[in-house]
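One structure is given below, encoded as structure tokens.
Every number in this text was worked out from the coordinates using simple rules, so none of it is lab data. Being a predicted model, the structure only gives us computed values, none of them experimental. As a convention, Cβ positions derive from the backbone with ideal geometry for all residues, glycine included, and neighbour counts pool all protein chains shown.
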């Protein structure tokens, strides 16, 4: 059973890298179980890594001023989002830090970067953490 779920996680992950964000939303809407399968699979994968990149981001954020507005793009289980104040929707030039932690995926990732650029204040910081290169 574990192998089947691991295979489904890999399939879902491949879909997320090879489709648009809108197509991914549709995929999860058509089969809500995929969301849980994906996040269980992701959690199992993270356990195999020497360090969790989310923890690294949180560590880095704790060194920033508490007044900084942080946008967690593609928050998964919202671990980063739970450590900062939430104020959505985001206005243009309203964010000090935009974070993509293992979430910059899909065929329209340029659109996601454009959105991060739109909401970042001049001089804002874009943090992108990848498990492996996608561009």
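Structure data summary
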{"item": "Taking segment 41-96 and dividing mean pair separation by its residue count, relative contact order in percent (alpha carbons under 8 Å, at least six apart)", "result": "35"}
{"item": "Cα extents of segment 4-135 along the three principal axes, largest first (Å)", "result": "44, 31, 26"}
{"item": "Pairwise FRET efficiency - residue 126 versus residue 39, Cβ, R0 = 30 Å, nearest 0.05", "result": "0.75"}
{"item": "Segment 52-121: C-alpha gyration tensor shape, a/c 1.5 cut-off, then a/b vs b/c", "result": "oblate"}
{"item": "Peptides 37-48, 22-33 ordered by average Cβ neighbours within 10 Å, highest first", "result": "37-48, 22-33"}
